[in-house]
Amino acid sequence: MADKKNAALQAVKGMNDILPPSVRRTEKLPDSAIWAWFETTVRRVLSNYGYQYLLTPIVEPTALFVRGLGEVTDIVEKEMYSFTDSMNGDKLTLRPEATAGIVRAMVEHNALYNGPLRIWTMGPMFRHERPQKGRYRQFNQLDVEALGFAGPDVDAEMILMVRSLWRELGLVVGEHVRLEINSLGQPEERRAHREALIRHFEQHVDTLDEDAKRRLHSNPLRILDTKNPAMQAVVESAPKLMDFLGEASLAHFNAVRKVLDAAGLDYRVNSRLVRGMDYYNLTVFEWVTDHLGSQGTVCGGGRYDGLIEQLGGKPAPAVGFGLGIERLLLLLQELAVPVPSSAPLAYAVIPSEATVAQAMVTIEALRQAGVSVLMHAGGGSMKSQFKRADASGARFALIFGDDEVARGEVSLKSLRDAAVPQRSLRLADAATWAAELLAA
């Protein structure tokens, strides 16, 4: 019998390691290089729009999500990782999404006292779902929020900001991703629509599946989001929320559309588009793709003007979106979108222990000058070191041989172009030839 005490442990199902490109794995998952590039791109784009970075805890009071998301949402009913703190009996939950925690932080710290805020965060979320491609139990999300802004201009700006992110990532709008928008109106308009939906679905109760029957009187709007083919006809014939919207709601929605039209952004008005949380109102939107099978939504969001008051703050409008990072990176891989190389510019080959000290001094000078250098460590033959140098993806090898260092030199060899002759460089001039390497 195997010794279970010393058996290798594995990660929790549906919670994945993000590994460097050099570590092979059987499952197709984004590696840390594309992840780092994505994060750098996000920071640049959001900075251009004036958004500030913040972090909130991974663990929050369970009541936050029950109050914020709604007791009859799928997340609260069956997907949250909740537990009782054995130290004090507090009911806690690993965050299943970011918006409620951000709003909690804004209320707790009176963050809107000096005016509206544009903020964003990025990190892990947790939902107990059946793991599949693009949907995991621990997944990472980019979350962007504009708090204290009531106008449709900020709704439109946020959608255009996502378009800017797609462009920076190499995605083509209309070909790789497309935009769908809708308006959920205001609570009183949704109540009227809700009553009409209930009457409609009650007349077709024999067609409803078990999930739809369960939601019929608690959250009938979610029935419209069903993927059950047998229910599509009854869903298509259901009353449309747009027909219940008042003048102000329609004006808000049309103002968003006017900006998108002026910006040349194509979109589809999807009258069946809803969001999974109860707190949304007015504008909702999703960016979807046909390249990931059933997991087609890569970004979704909208306006949630009542959530801040609902969580104990002074009434304030808000709009935001969430973007599933793993799913988006899988899309980039599926489309073979070019990703900047994370390989070092140079690899330091150090065949003798006698030259290690001088080599490290020179390497540090190069790094200070902006040259990325991966240093070979642990000794080994020249052949094995060059094999490692080639595998690293570096463009150049810096060879710190005994004879070269004794002459105050280092040899520079191209690893990618055999036609480039090997040459010697003066160790004392590292800062000077660093500029050559960067320009090469």
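The values are calculated or read from the model by the stated rules, or taken from the named source; none is laboratory data. In this text, all values refer to a predicted model and were calculated from it rather than measured experimentally. Heads up, the Cβs are rebuilt from the backbone with ideal geometry, glycines too, and the neighbour counts pull from every protein chain shown. All accessible areas refer to the heavy atoms of the entire protein, side chains included, with ligands and DNA or RNA removed. Shrake-Rupley method; radii C 1.70, N 1.55, O 1.52, S 1.80 Å.
Given Cβ point charges of +1 (Lys, Arg) and -1 (Asp, Glu) and nothing else, what value in debye, to the nearest 20, does the dipole of segment 315-440 about its Cα centre take? Display every interim value, and only then the final one.
Numbers: 11 positive and 12 negative charges, 38 e Å.
For this selection, approximately 180 debye.
Return the aspartates and glutamates within reach of residue 227: Cα separation strictly under 14 angstrom, same-chain partners fewer than 8 residues apart disregarded; answer none if there are no such residues.
Reachable aspartates and glutamates: 209, 210, 211, 236.
In straight Cα distance, which lysines are under 26 Å from residue 314, not counting same-chain residues fewer than 8 positions off?
91
DSSP loop (so not H, G, I, E, B), at most 16 other Cβ within 10 Å: list which chymotrypsin sites (Phe, Trp or Tyr not before Pro) in segment 17-65 pass both filters.
Here the chymotrypsin sites (Phe, Trp or Tyr not before Pro) that fit, given the DSSP loop and packing criteria, are 49.
Which of 192, 212, 171 sits closest to the plus end of the dipole of segment 170-220, meaning its Cα is farthest towards the positive end, when Lys and Arg get +1 and Asp and Glu get -1 on the C-beta?
192
Under a 1.4 Å probe, what is the accessible area of segment 370-413 per residue, stated in Å²?
Numbers: 2230 Å² over 44 residues.
Averaged over the residues of segment 370-413, the accessible area is 51 Å².
Measure off 7 Å from each Cα along the Cα-to-Cβ vector at residue 53 and residue 271, then give the distance between these two points in nanometres to one decimal.
4.5
For segment 84-202, what is the accessible area per residue in Å², given a 1.4 Å probe and the full set of protein chains?
Values: 4950 Å² over 119 residues.
Computed with neighbouring chains in place, this is 42 Å² per residue.
Mind giving me the FRET efficiency for residue 420 and residue 228? R0 is 45 Å, r the Cβ-Cβ distance, nearest 0.05 is fine. Kindly include the intermediate steps, with their values, before the conclusion.
Working: r = 62 Å, r/R0 = 1.38.
About 0.15, to the nearest 0.05.
Per residue, how large is the accessible surface of segment 268-354? Use a 1.4 angstrom probe and give square angstrom. Write out the running numbers ahead of the final one.
Working: 2960 Å² over 87 residues.
I get 34 Å² per residue for segment 268-354.
Provide the FRET efficiency to the nearest 0.05 for the residue 199-residue 309 pair, computing r from the beta carbons and using R0 = 30 Å. Each step should come with its number before you reach the end.
On the way: r = 30 Å, r/R0 = 1.01.
The computed FRET efficiency comes out at 0.50.
With an 8 Å cut-off on Cα pairs and a minimum separation of 6 or more residues, tell me the relative contact order of the chain in percent.
Values: 710 pairs, mean separation 64.5, N = 440.
Relative contact order here is 15 percent.
Within the accessible area of the chain, what % is carbon and sulfur when the probe is 1.4 Å and the other protein chains stay in place? Can you show the working numbers first?
Working: 11210 of 21890 Å².
Carbon plus sulfur share of accessible area: 51 percent.
Testing the spin-label approximation: label points 7 Å from Cα along Cα→Cβ at residue 153 and residue 431. State their distance in nm.
4.9
Report, by chain and number, residues whose modeled amide H sits under 5 Å from the one on residue 409, excluding near sequence neighbours (fewer than 5 apart, same chain).
Answer set, sorted by chain and number: 427.
For segment 301-440, what's the relative contact order in percent, using C-alpha pairs closer than 8 Å and at least 6 residues apart?
Working: 192 pairs, mean separation 28.8, N = 140.
Value for segment 301-440: 21 percent.
Mind checking which lysines have their C-alpha under 19 Å from residue 413, skipping anything on the same chain fewer than 8 residues away?
Straight-distance partners of residue 413: 383, 387.
Quick one: 3J(HN,Hα) in Hz for segment 376-393, Karplus 6.51/-1.76/1.60 with θ = phi - 60°, rounded, Gly and Pro as x.
Each residue of segment 376-393 in turn: 5, 10, x, x, x, 5, 4, 4, 5, 5, 5, 5, 5, 4, 5, 5, 5, x Hz.
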